[in-house]
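Worksheet: the structure to be examined is printed underneath.
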Amino acid sequence: MTQNMTITEFLAQHLQGEHSGALNAILDDITVAVKQIAIAIDAGAITGNMGSLATENVQGEVQKTLDVLTNDIFIEAIQKSGYVAGMVSEELIDPVNLTVKNGQYLLCVDPLDGSSNVNVNISVGTIFSLLKAKNNQPELNDFLQAGTQQICAGYAMYGTSTMLVLTTGNGVNGFTLDKTSNDFVLTHPNMQIPQETTEFAINMSNYRFWQEPVQRYIDECLQGTEGERDKDFNMRWVASMVAEVHRILVRGGVFMYPSDAKAKMGKLRLMYEANPMSFIVEQAGGASTTGLQRVMEVAPTGIHQRVPIMLGSKNEIDRVAIYHQKKSKRK
């Protein structure tokens, strides 16, 4: 790693091919948005922006003031380069068409993942995915592309430090915001997920609603050295997908938000949560599945479509997938 290499220098050296010029410009817009969001979150309690609004997003979730603010920041910032023709956001019912001349790309974004955690000062984040546009006046169906069509995906994490982690299909690299220079600096080059792990993250309060394959896997983890896995596991749960995935990228693990009796279609959104995170995890040597299908091969039917997702260290995810497949065959 070149010491103190900025994200601008890194992208100039490593981006190649037909998308390189546009990606440089779009990612510059995204870094501007992330810096502004980090400031807004840091000042949230001081400026009175930590509360909830009397509105709900398209999923029926109560919006935080910061949800709307971060969404507005993204819409404004992403127009500067002129390459993004349209945007889909968790906070908006319909796609937004942007008035640009060179709109060749589409952006899917969750501006503030884990926003329920902002009042208790736990890490939250931003998730984004970039797709190719057919023209600069996109329609809703233009966004409905499988995750395999992603050109770039990434997330920002606002925690003990502000980080930006991204992939353009050639590995995963992480950058930390140096507040002295206001530049993102390469601190986590070529991130790789260990294939083996002894950590899992899942909301255990939903145990009674899970399907049998998930219960079987978690039961094995809980049995530890006394069970057939012959090793002890630790459980983690932050309720912020960005924080969960970042931990997996740094030291391995499994994150699971499966379908269950309450959420039969899953909980997390395919276009701006599951697909970009699956792209990142796979590029780092991990795996991602719905249980019966690779997440990035799911055919989208709506921009806010939900999907079950289990991702992380490859050997563990493969085991979970086998349990689901066995149950499907029995049926």
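The values are calculated or read from the model by the stated rules, or taken from the named source; none is laboratory data. These numbers come from a predicted model, not from an experiment. Positions of Cβ are generated from backbone atoms using ideal geometry, with glycine treated the same way; all protein chains shown enter the neighbour counts.
In summary, Glu196 fulfils each of the numbered conditions (1) in contact (Cβ under 8 Å) with a residue 60 or more places away in the chain; (2) surrounded by 14 or more Cβ atoms within 10 Å (Cβ to Cβ); (3) not in a strand (DSSP E or B) with the single exception of condition (2).
Looking only at the stretch 89-116, residues that are over 17 Å from Asn71 (Cα atoms) and not in a loop (DSSP other than H, G, I, E, B) come to 1 in all.
Which of the residues spanning the stretch 63-106 are of a type outside the set (Ser, Thr, Tyr) and over 23 Å from Gly125 (Cα atoms)?
Passing the criteria: Gly82, Ala85, Asn97, Leu98, Val100, Lys101, Asn102, Gly103, Gln104.
Counting only residues that are touching a residue at least 60 places away in the same chain (Cβ under 8 Å) and under 16 Å from Val245 (Cβ atoms), which one in the stretch 289-309 is surrounded by the most Cβ atoms within 10 Å (Cβ to Cβ)? My answer is Val295. Of the set (1) surrounded by 14 or more Cβ atoms within 10 Å (Cβ to Cβ); (2) more than 23 Å from Asp318 (Cα to Cα); (3) among the polar types (S, T, N, Q); (4) touching a residue at least 40 places away in the same chain (Cβ under 8 Å), all apply to Thr187 but (4).
In the stretch 29-37, the condition of being out of contact with any helix residue (DSSP H, G or I) (no Cβ under 8 Å at 6 or more places or on another chain), part of a helix (DSSP H, G or I) and at pLDDT 85 or above is met by at least one residue.
Do we find that Thr148 is modelled with pLDDT of 95 or more, surrounded by fewer than 18 Cβ atoms within 10 Å (Cβ to Cβ) and either among the β-branched types (Val, Ile, Thr) or not assigned by TED's automatic domain parsing to the domain that holds Ala33 (or both) in this structure?
Considered against the rule, which asks whether it is modelled with pLDDT of 95 or more, surrounded by fewer than 18 Cβ atoms within 10 Å (Cβ to Cβ) and either among the β-branched types (Val, Ile, Thr) or not assigned by TED's automatic domain parsing to the domain that holds Ala33 (or both), Thr148 comes out as yes.
Where strands (runs of 3 or more DSSP E) fall entirely within the stretch 214-331, those with at least 3 residues that are closer than 25 Å to Gln145 by Cβ and touching a helix residue (DSSP H, G or I) at 6+ places or on another chain (Cβ under 7 Å) are at 287-289, 309-312.
Among residues belonging to the stretch 1-19 that are in contact with a helix residue (DSSP H, G or I) (Cβ under 8 Å, 6 or more places away or on another chain) and of a type in the set (Ser, Thr, Tyr), point out the one that is modelled with the lowest pLDDT. Per the stated criteria, the residue is Thr2.
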